[in-house]
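S.K.: This structure is in structure tokens; I'll ask about it shortly.
FYI, it's all coordinate maths here, none of it is from the lab. Treat the numbers as computed from the prediction; the structure is a model and nothing was measured. FYI the Cβ positions are ideal-geometry reconstructions off the backbone, even for glycines, and counts take in every protein chain you see.
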Amino acid sequence: MIQFRKSILTFFILPLLFVACNPNSDERPRGVYDSGILIVNEGAFGANDGEVTHLDPSTGTLTSALFEKANGRPFAGLLEDLVLEEDRLYLVANTGKVEVVQPGDFKTAGAVNKDLDQPRSLATARGKLFISDYGPYDASYNTPSSYVAVVQGLDGGVVKKKIPVSSKPEDLFTFGSYVFVASSEGKKVEVLDANAVLLSKTLEMPGKPVQFFELNGDLWVFCYDAQKVYFVSISKSGLSQKEIRTFPIAQATGRMALGDKDAIYVLTSSGYPEYRDGISVVNILSGTLVSDWKKGTGFYGIGYDSDRQQVYLANAKGFQGNGEVLFYQKSGAEVGKLTVGRGPSGFLFR
Amino acid sequence: MTFALLFVSLIYYASPRDTVVLAEVAVHAAALDRFAAGQTLLTYEKSTLERYAARSLGDLLQETSPIFVRQYGAGMLASPSFRGTSAGHTALFWNGVPINSISLGQADLSILPVQATDRVEVQFGSAGALFGNEAIGGSVHLSTDLQKQEGFGGDFSQTIGSFGQHQTSFAARYGKPTLRLQSKVYNQDQPNTFRYRDISLAGVPWERQEHAAFKQRGILQDLWWQAAPHAQVKASLWWNQAQREIQPLIGSSTQDTQEDESFRAVVDYRYQKKSSVWKLKGAWVADQLQFNAQENQTSQGLLGLDWELPSAGNWALRAGVRGTWMNAKLSTYTATEQRWEAYQSIGWELEEQISFSVNLRQLAYPNELVPFLPGLGLNWRLFESDRTSLHFKTAFGLGLKLPTLNDRYWEPGGNPNLRPEKSQNGEIGFQFKQAGTFSLSQRLTYYRMQVVDWIIWLPKGNFWSPENIREVHNQGLEYQGESSWNTGPWTWQANLAYTYSSTRDLAQEGSQQLPYSPKHQGNAGLQVKRNDLAFNLSSFYVGPRSIASGNSRILEGFAIGNLGLTYSGTKWKSLQLPLRFQILNVFNQSYQVLYLRTMPGRSYQLNLTLTL
């Protein structure tokens with residue numbers, strides 16, 4: 001899932017800081033996009049015009065279509081997720097490919113172009129890429145052949161192996177040699193052994209697991225069903241479920257953002273036919289819940305900017321053209337909005 | 001109001017007149033020529049249709065008319081956009097029968113082969129009064145034209161072309177004074193294995209197109225019968241089947257397949273007594289569309305009665321009623337519907353100097369009346385000399401599109417509370433003609449159009465649902481010029497057309513140009529003929545267009561040129577063997593009509609026809 005991967009960023013940024021302090025390092029120059037905010041523009045179904053927009057929050061300057069500007073060719077896919085790991089930025093297109101670019105300038109560094117169906121997210125482990133993929137639809141539009149595709153090498157290449165997992169895998173999380181897979185429709189977290197490239201363990205979940213995050217050193221997974229949301233903590237070493245925190249948030253979508261401390265912003269939608277969308281806020285450790293913190297329609301993605309302490313809400317505006325991002329203070333006050341590319345769905349804070 | 005006028009007209013024309021035996025015309029032309037005064041019309045010459053015989057109606061209209069055809073790839077879905085309106089805003093008729101899909105409310109022009117029809121006429125602007133539902137941006141009329149003939153005749157045509165294209169057609173004709181018959185069979189195989197630049201991959205490598213094969217076959221049977229001195233019967237059957245692998249967008253590898261099968265039948269009975277003509281029309285259209293494993297079937301029956309005074313002094317009059325019965329069995333819903341309509345047309349002409357027409361129509365569905373549709377038109381000859389003339393033309397009309405069955409019933413998302421889309425269109429124009437050794441025809445039209453309650457499907461969570469949201473204001477200029485002259489043994493013909501189209505969506509902030517509505521479009525052609533040898537060069541241009549609202553991404557304009565050479569001097573006894581060679585996209589342009597839908601580069605076609 002699109003998210004602010006705080007944990008991964010910490011992993012990634014700390015060594016960078018260390019390297020930055022070393023005068024003898026061969027540190028590459030800091031790129032234009034190594035700071036600021038990357039906005040995922042999913043694009044519209046049938047047009048496959050996904051892209052990435054960059055926002056410089058200090059000046060409010062927007063730069064659209066970063067991929068096409070850097071590489072002289074269109075991204076040509078629906079951009080499902082943007083993952084920053086191992087000094088590489090992975091653009092995961094659910095239309096069947098992964099593009100690897102340099103995070104600072106978006107210049108292409110590799111790709112996985114073949115043998116993928118509907119990729120959703122990606123994680124790196126042990127020098128390999130693990131790509132969650134719904135697999136092909138069957139005649140009834142179900143996805144019984146979901147898998148995690150494994151690519152040897154961090155710059156893409158060919159799919160070496162497909163590990164079957166439960167239906168509709170979404171987010172992935174790496175800890176050591178384990179890759180955790182949130183298989184949403186299957187209501188399972190499946191743990192892969194990155195060395196043996198095998199399914200190692202399966203954990204049953206109370207709802208559909210969609211997104212991992214780290215809080216106070218613990219691994220959590222966000223799950224939901226029609227009536228409730230569940231935050232399940234998992235022992236990274238024991239590969240077992242530790243505790244479940246349940247909140248009565250009905251009609252949650254799979255989209256959430258981790259705010260300050262233990263605050264989680266959850267997007268909700270009444271769905272067909274009225275589509276009353278909203279944001280609920282929970283503090284999972286203290287147990288507080290604010291339902292309908294915001295109400296509206298067209299909500300499509302959410303993020304939290306910890307530097308500016310602002311909530312970013314993406315509105316796809318019906319995918320007819322440019323979407324919109326609204327900025328809120330933690331108090332709920334709107335502090336601005338910007339028109340961005342088509343289908344804004346998530347954010348990566350650099 | 002329609003009925004009031006009808007009543008007045010009936011009284012006026014009730015005086016008895018002598019019986020008139022029908023002239024030997026087998027074409028029962030659409031109301032285009034008699035009641036469309038002031039409207040912009042385009043009628044294709046036989047030579048143009050022959051040149052496009054191995055291609056689709058979508059290709060013909062894209063390359064030779066001001067219509068923008070949204071082509072989703074080579075041989076893939078092609079939907080027309082007239083004057084900046086959407087695909088569903090075009091009425092399409094075959095021998096006077098509406099053949100747009102009743103579930104989708106539009107037609108796929110790529111599976112209407114040009115060789116299946118004898119005449120193609122196009123009308124621009126809202127003409128709901130004349131043509132009923134869906135005539136908002138314009139209408140396209142395909143018809144059978146059984147020429148007078150004694151005895152047997154026929155032709156066999158074989159086309160081979162690039163990327164594995166094979167096309168075979170066979171036509172047989174028989175005629176005598178009271179009977180004419182025509183049978184046509186065609187088969188087309190286009191594997192579409194063209195090479196293209198894969199702009200989604202690093203290095204933009206050349207790739208061979210996969211999964212874009214197209215197969216089509218069909219049978220037509222036409223009959224015209226002078227059943228009695230005052231009565232004619234005209235009947236046509238058309239079966240068409242197209243099987244397609246749906247060409248994936250550049251950068252994706254979808255494996256969708258689609259099979260379209262249509263059966264269309266129409267019978268016209270025409271009875272003329274004294275000066276009035278009665279016409280009874282019965283038709284049946286059944287469409288089946290299979291997309292992957294999903295099967296959709298629709299059918300419609302039509303019955304109409306029409307009374308006409310084609311020529312009563314300066315006046316012409318027509319009035320009629322029509323009922324349509326629809327039945328849809330789709331993968332997600334079933335529905336039936338009845339529609340009724342009554343219409344009337346009045347034409348008046350004074351010595352070819354001035355003519356006007358008034359058209360009126362009232363439509364009802366399923367049990368409710370929709371807004372009354374009037375239309376007015378005027379032709380006025382301002383000036384005439386021996387060789388030149390100048391005409392002023394103006395027309396005003398309303399148009400309407402009922403929400404389609406999918407719009408209302410699709411599960412999930414169908415919206416039963418949708419209102420019909422409504423339009424009004426006004427245009428003025430001048431036409432200058434010069435006859436003689438250097439003949440010239442030029443026409444310039446300015447139009448304004450407004451479409452309200454335009455229906456758009458919007459994503460709502462996991463579903464899409466239609467809403468009446470757009471209000472669009474269009475205006476534009478259409479220029480069309482033709483000329484012909486001789487230099488020694490050479491005959492020259494040149495044509496030039498340009499369209500400027502501004503389409504503003506007032507429901508959007510900033511009211512920018514609608515997506516996929518090029519502001520500029522044009523086409524030009526030159527034909528040179530000497531004895532049996534003919535050479536033609538044609539080109540068309542489509543200007544930049546945005547792929548989404550708000551101009552978030554602009555696709556570049558493109559210009560494509562085609563070359564053709566025909567030799568028709570090979571004859572053996574009564575057998576003629578014309579040979580035609582064409583180069584399409586002669587400059588090998590790499591282009592997309594729609595974003596990421598690749599189109600083929602240069603290709604060749606060789607056609608041999610045996611005509612008896």
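S.K.: At a Förster radius of 51 Å, what calculated FRET efficiency corresponds to the Cβ-Cβ distance of B:Y479 and A:E274, to the nearest 0.05?
M.R.: FRET efficiency, B:Y479 to A:E274: 0.55.
S.K.: Can you work out the FRET efficiency for the pair B:Y604 and B:W284, with r the C-beta to C-beta distance and R0 = 25 Å, to the nearest 0.05?
M.R.: For R0 = 25 Å, the calculated efficiency reads 0.05.
S.K.: Once both labels are modelled 7 Å past Cα along the beta-carbon direction, what's the A:S237-B:L577 spacing in nm?
M.R.: About 9.0 nm, to one decimal.
S.K.: Charges on Cβ only, +1 for Lys and Arg, -1 for Asp and Glu, centred on the Cα centroid of the protein assembly as shown; of A:L348, A:S177, B:A283, which one is farthest towards the dipole's positive end?
M.R.: B:A283
S.K.: Here's a follow-up. From other protein chains only, count the Cβ atoms within 10 Å of every residue's Cβ in B:246-256, then give the mean.
M.R.: Other-chain Cβ atoms within 10 Å of each residue's Cβ, averaged: 5.
S.K.: Mind ranking A:328-340, B:353-365 by how tightly packed they are, going by the mean number of other C-beta atoms within 10 angstrom, highest first?
M.R.: For the peptides A:328-340, B:353-365, the packing ranking is B:353-365, A:328-340.
S.K.: Another question, if that's okay. Provide, in order from the shortest bin, the percent of all Cα-Cα pairs of the stretch B:358-491 in each 10 Å bin, continuing until the bin that contains the maximum pair distance.
M.R.: That works out to 11, 26, 23, 18, 13, 8, 2, in percent per bin.
S.K.: So what does log10 I(q)/I(0) come out to for the stretch B:459-544 at q = 0.12, 0.17, 0.19, 0.20 Å⁻¹, using the Debye formula with one equal point on every Cα and no solvent?
M.R.: -0.59, -0.81, -0.91, -0.95
S.K.: On to the next question. Assigning unit charges at the beta carbon (Lys, Arg +1; Asp, Glu -1) and nothing else, what dipole magnitude in debye, to the nearest 20, does the stretch B:33-118 show about its Cα centre?
M.R.: Dipole about the Cα centre, nearest 20: 160 debye.
S.K.: Right, another one. Running Debye on the stretch B:510-612 with equal point scatterers at the Cα sites and no solvent, what base-10 log of I(q)/I(0) appears at q = 0.11, 0.14, 0.15, 0.22 Å⁻¹?
M.R.: -0.50, -0.68, -0.73, -1.09
S.K.: What are the aspartates and glutamates whose alpha-carbon lies under 16 Å from the alpha-carbon of B:K573, with same-chain residues fewer than 8 places away excluded?
M.R.: B:D155
S.K.: Another question about this same structure. Can you check how the C-alpha radius of gyration of the stretch A:239-350 compares to 2.2 N^0.38 Å, as a plain ratio?
M.R.: 1.08
S.K.: What is the calculated FRET efficiency for B:V321 to A:T288, with r their C-beta to C-beta distance and R₀ = 45 Å, to the nearest 0.05?
M.R.: Once the sixth-power term is evaluated, E becomes 0.05.
S.K.: For A:K161, go through the lysines and keep the ones whose alpha-carbon is under 24 Å away, minus same-chain ones fewer than eight residues off.
M.R.: Within reach: A:K97, A:K114, A:K128, A:K187, A:K188, A:K201.
S.K.: Something else about it: Specify which residue in the list B:T570, B:N133, B:Y500 is farthest towards the positive end of the charge dipole of the protein assembly as shown, using unit charges on the beta carbon of Lys, Arg (+1) and Asp, Glu (-1), about the Cα centre.
M.R.: Of the listed residues, the answer is B:T570.
S.K.: Further question: Say the dipole of the stretch A:28-159 comes from +1 at the beta carbon of Lys and Arg and -1 at that of Asp and Glu; which of A:T61, A:T143, A:L154 then lies farthest toward its positive end?
M.R.: Value: A:L154.
S.K.: Okay, next question. Pop a pseudo-label 7 angstrom from the Cα along the beta-carbon direction at both B:A312 and B:S47 and give the gap in nm to one decimal.
M.R.: Label at B:A312, label at B:S47, 4.2 nm between them.
S.K.: In a solvent-free Debye calculation with one equal scatterer on each Cα, what is log10 I(q)/I(0) for the protein assembly as shown at q = 0.07 Å⁻¹, listed in the order of the q values?
M.R.: Scattering profile of the protein assembly as shown, log10 relative to I(0): -0.67.
S.K.: Calculate the spin-label point distance for A:T246 paired with B:R208, positioning each point 7 Å from the Cα along the beta-carbon direction, and give it in nanometres.
M.R.: Those two pseudo-labels are separated by 5.9 nm.
S.K.: Can I ask one more? Roughly how crowded by other chains is peptide B:196-209, in terms of the mean Cβ count from those chains within 10 Å of each of its Cβ atoms?
M.R.: Neighbouring Cβ atoms belonging to other protein chains average 3 per residue here.
S.K.: Could you tell me, in Å, what Rg and Dmax come out for the Cα atoms of the stretch B:104-263?
M.R.: When restricted to the Cα atoms of the stretch B:104-263, Rg and Dmax are 20.5, 73 Å.
S.K.: Okay, moving on. Shape verdict for chain B, please, from the Cα gyration tensor: rounded (a/c under 1.5), prolate (a/b greater than b/c) or oblate.
M.R.: Rounded, since a/c falls under 1.5.
S.K.: Once the convex hull of the alpha carbons of the stretch A:182-310 is built, what does its volume come to per residue, in cubic angstrom?
M.R.: Spelled out: Cα convex hull of the stretch A:182-310, divided by residues, is 123 Å³.
S.K.: Between the stretch B:207-253 and the stretch A:55-81, what is the separation of their alpha carbon centroids in Å?
M.R.: The two parts, judged by their Cα centres, are 44 Å apart.
S.K.: Could you size up the charge dipole of chain A around its Cα centre, putting +1 on the beta carbon of Lys and Arg and -1 on that of Asp and Glu, and report it in debye to the nearest 20?
M.R.: Computed about the Cα centre, the dipole is about 280 debye.
S.K.: Can you give the convex hull volume of the alpha carbon atoms of the stretch B:323-413 per residue, in Å³?
M.R.: Per-residue hull volume (Cα only) is 145 Å³.
S.K.: Identify all lysines with a Cα-Cα distance to B:K422 below 26 Å; exclude those on the same chain that are fewer than 8 residues away in sequence.
M.R.: The reachable lysines, counting only those whose Cα sits under 26 Å from B:K422, are A:K317, B:K393, B:K401, B:K460, B:K519.
S.K.: How big is the charge dipole of the protein assembly as shown about its Cα centre, in debye rounded to the nearest 20, if each Lys and Arg gets +1 on its Cβ and each Asp and Glu gets -1 on its Cβ?
M.R.: Result for the protein assembly as shown is approximately 1400 debye, rounded to the nearest 20.
S.K.: Another one. Can you classify the stretch A:31-134 as rounded, prolate or oblate using the Cα gyration tensor, where a ≥ b ≥ c are the square roots of its eigenvalues, rounded means a/c under 1.5, and otherwise it's prolate if a/b beats b/c and oblate if not?
M.R.: Oblate, since a/c reaches 1.5 and b/c is not below a/b.
S.K.: Rounded if a/c is under 1.5, else prolate if a/b beats b/c, else oblate: with a ≥ b ≥ c from the C-alpha gyration tensor eigenvalues square-rooted, which is chain A?
M.R.: rounded
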